[in-house]
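So the structure is just underneath, and the comments pick up after that.
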Amino acid sequence: MFIAVMLVSLAVVMPTSAFAGKKRDARVAYVLKNLRLKSDVQEKFRPILDAYLKELGDLKDPYKNLKDELQDAIDGNKLTPAQCDQLFEAKQKQEEQEPALNRKYYAKFKTVLTTQQAYKAMKLSDDKIE
């Protein structure tokens with residue numbers, strides 16, 4: 001019980017950016033583990049992957065933050081038409097910008113990785129991990 005209370009307390013106190021950083025670190029570790037790169041390649045690739053995941057997170061944040069802000073209205077099926085429009089537009093903006101970011105970093109990945117590894121890294125970066 002004490003541990004559960006401590007974890008809840010940490011979740012409440014921990015800044016969002018620190019939490020996002022920990023999630024990004026976990027995703028970097030997941031991608032690197034599954035790519036099975038040589039240590040010298042991994043050393044060169046890690047900062048590129050980290051930059052990609054940070055930019056991707058920054059791109060997704062406006063929609064995620066708006067969705068979090070409106071979560072009670074979403075859960076209660078009480079979104080106003082204006083809120084629906086806001087959510088829709090925020091998601092569309094995110095989805096419009098993602099392909100360019102993915103292309104940019106796929107090209108950067110290929111400066112360090114083989115094309116096959118770069119493709120796999122992009123796929124792994126998008127995996128759902130808990």
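Taken together, the values in this text are just the output of simple stated rules run on the coordinates, not laboratory data. What you see is a predicted model; the values in this text were computed from it and never measured. FYI the Cβ positions are ideal-geometry reconstructions off the backbone, even for glycines, and counts take in every protein chain you see.
Applying both filters, DSSP loop and at most 10 other Cβ atoms within 10 Å, to the trypsin sites (Lys or Arg not before Pro) of the stretch 52-121 gives LYS78. Taking a ≥ b ≥ c as the square roots of the eigenvalues of the Cα gyration tensor, the stretch 91-130 is classed as oblate, since a/c reaches at least 1.5 and a/b does not exceed b/c. Calculate the length of the line joining the C-alpha centroid of the stretch 33-53 to that of the stretch 65-97, in whole Å. Answer, in whole Å: 34.
Taking each of LYS44/LYS67; LYS44/LYS91; LYS22/LYS67 in turn, the alpha-carbon distance tops 31 angstrom for LYS44/LYS67; LYS44/LYS91.
Think of the stretch 17-125 as a dipole: +1 on every Lys or Arg Cβ, -1 on every Asp or Glu Cβ, centred on the Cα centre; then among MET122, ASN65, LEU79, MET122 lies furthest on the positive end. Whole-Hz Karplus values for the stretch 77-83 come out as 6, 10, 5, 7, x, 5, 5 Hz, taken residue by residue from phi with 6.51 cos²θ - 1.76 cosθ + 1.60 and θ = phi - 60°; glycine and proline positions read x.
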